[in-house]
1. Could you say which residue among HIS265, HIS275 is in contact with a Lys or Arg (Cβ under 8 Å, 6 or more places away or on another chain) and under 14 Å from ILE95 (Cβ atoms)?
2. Test LYS259 against the criterion of being outside any helix (DSSP H, G or I), within 16 Å of the ligand (Cβ to nearest atom) and of a type outside the set (Phe, Trp, Tyr), and give yes or no.
3. Kindly indicate which of GLY34, GLY100 is under 19 Å from VAL236 (Cβ atoms) and buried (at least 19 other Cβ atoms within 10 Å of the Cβ).
4. Give all pairs with beta carbons closer than 9 Å in which a residue from segment 94-107 that is under 19 Å from TYR77 (Cβ atoms) meets a residue that is among the aromatic types (Phe, Trp, Tyr) and near the ligand (Cβ under 8 Å from one of its atoms); count only pairs at least 6 apart in sequence or on separate chains.
5. Residue check, GLU202 against (1) closer than 16 Å to LYS86 by Cα; (2) away from the ligand (no atom under 12 Å from the Cβ); (3) not in a loop (DSSP other than H, G, I, E, B), all met but one. Which one?
6. State all residues of segment 212-231 that are of a type in the set (Gly, Ala, Ser) and either more than 20 Å from TRP244 (Cα to Cα) or in contact with a Phe, Trp or Tyr (Cβ under 7 Å, 6 or more places away or on another chain) (or both); if no residue qualifies, say none.
7. Give the residues of segment 85-118 that are more than 16 Å from LEU229 (Cα to Cα) and within 16 Å of the chain's Cα centre (by Cα), sorted by residue number.
8. Can you confirm whether segment 122-129 contains a residue that is more than 16 Å from the ligand (Cβ to nearest atom) and out of contact with any Pro (no Cβ under 7 Å at 6 or more places or on another chain)?
Amino acid sequence: MKYRFADRMDKPHRSFVTEILKVTEDPEMISFAGGLPNPRFFPVEEIVDATAKVMARDGQGILQYSTTQGYLPLRDYIARRYREKKGLQLSAENILITNGSQQGFDLIGKVFLNKGDGILLERPAYHGAIQAFGMYQPTFETVPLLEDGIDPELLDSSCRIAGMKLLYTVPNFQNPSGLTYSDARRGEVARILGRHDLMLVEDDPYGELRFRGEHLPTLRSYLDSTLLLGTFSKTVAPGLRLGWACAERQVIEQLTYGKQATDFHSNNFAQRVLHQYLIDNDVDAHIAVLTAAYKEQAERMLSAIAAHFPPEIRYTRPEGGMFIFATLPDGLSALKLFDLAAREKVAFVPGQAFHPYGVGGDDCLRLSYSTSDGETIAEGIRRLARV
Ligand code: PMP
């Protein structure tokens, strides 16, 4: 049979990411390519306890179908945390539980995008979002990401391009660049978007993983119409597949309707276990342990880079999260470097992955320090420096 797949399946960079994953299967390989949370900190015992507790209390309820918007006490917990930590005036009504923030992208595509509608992305941008939005066949435009956030002048002019509907941003320790928007830039971006009537999508999976500097206000605190995505993947465990979308009620209603058509609801069992875990444990203490470890790993990588990389390579210095982004001197290709590095048994993600249509970014590489210990980080950077 000659299958006639939909046009949306015709994706240039799928094979590219698959190639990368293949290389990292080699057990000798030091991989800075993944972006996985460090499993050393998954709260296994606590999750076992929480599971036993909720099953003993209401096993039948937990194994039953549930509501699409998600377990109310979990939504309450998320809203309360935003009120207390971020001063956002939110309630459970503003929260939809999703199957990770990745599902948030898909639902945004489903609810907001007609074929050909415009999305503004940071340059570089998170590849998972490009992939998810890409399924709805939008037109992507990119705006450069500077040290302190997206370029405001180019953002303003790009908002004027016909058909632009939304801007997708990761303001804290962005994947892949590790960069963070300054407070001033957050306000400025919100004002620009408000002026042009574009929806702002604020994706914040890493915000709680700050290990230097001060926590900054969310973009949503500057612009109420912002759709804010969050996740438990980086602070608790990604295998739970639980995240959320936070927005005005009319948007949550539409997203909920879109989600119902996809999967009825996120895993009820996981939601109940996670909620029990959250109320029985000191989550902030857990996050403090996590960020202390990431800080040490980040510093180890930065000092190895400073000691071994040629001086003409520029790199970012993250204040949190999991990523360092390096820029090669003119004329060097990260893709060629990737092949050479694979022979030395060290891997990273070449910059093309973070550009829509797979065009651009060949002078950049993303390095993740989240899952390697100090010694491995130092050895991996030495190998890369040799290449
Ligand atoms: N957004 C960004 C910027 C990410 O880096 C990730 C995970 N790599 C996600 C969203 C998706 O996270 P999840 O679906 O596990 O919540």
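1. On the way: HIS275 fails: in contact with a Lys or Arg (Cβ under 8 Å, 6 or more places away or on another chain).
Sole residue among the options that is in contact with a Lys or Arg (Cβ under 8 Å, 6 or more places away or on another chain) and under 14 Å from ILE95 (Cβ atoms): HIS265.
2. Working: outside any helix (DSSP H, G or I): no; within 16 Å of the ligand (Cβ to nearest atom): yes; of a type outside the set (Phe, Trp, Tyr): yes.
So LYS259 fails the test.
3. Working: GLY34 fails: buried (at least 19 other Cβ atoms within 10 Å of the Cβ).
Among GLY34, GLY100, only GLY100 is under 19 Å from VAL236 (Cβ atoms) and buried (at least 19 other Cβ atoms within 10 Å of the Cβ).
4. Qualifying pairs under 9 Å: GLY100/PHE232.
5. Unmet for GLU202, out of (1) closer than 16 Å to LYS86 by Cα; (2) away from the ligand (no atom under 12 Å from the Cβ); (3) not in a loop (DSSP other than H, G, I, E, B): (2).
6. First, the residues of segment 212-231 that are of a type in the set (Gly, Ala, Ser): 213, 221, 225, 230.
Residues satisfying the conditions are GLY213, GLY230.
7. none
8. Residues of segment 122-129 that are more than 16 Å from the ligand (Cβ to nearest atom), as a first pass: none.
Within segment 122-129, none of the residues are more than 16 Å from the ligand (Cβ to nearest atom) and out of contact with any Pro (no Cβ under 7 Å at 6 or more places or on another chain).
Just so you know, all these numbers are worked out from the coordinates, no wet-lab data involved. Please read all numbers here as calculations on a predicted model, not as lab measurements. In this analysis, Cβ positions are derived from the backbone assuming ideal geometry, glycine residues included, and neighbour counts consider all displayed protein chains.
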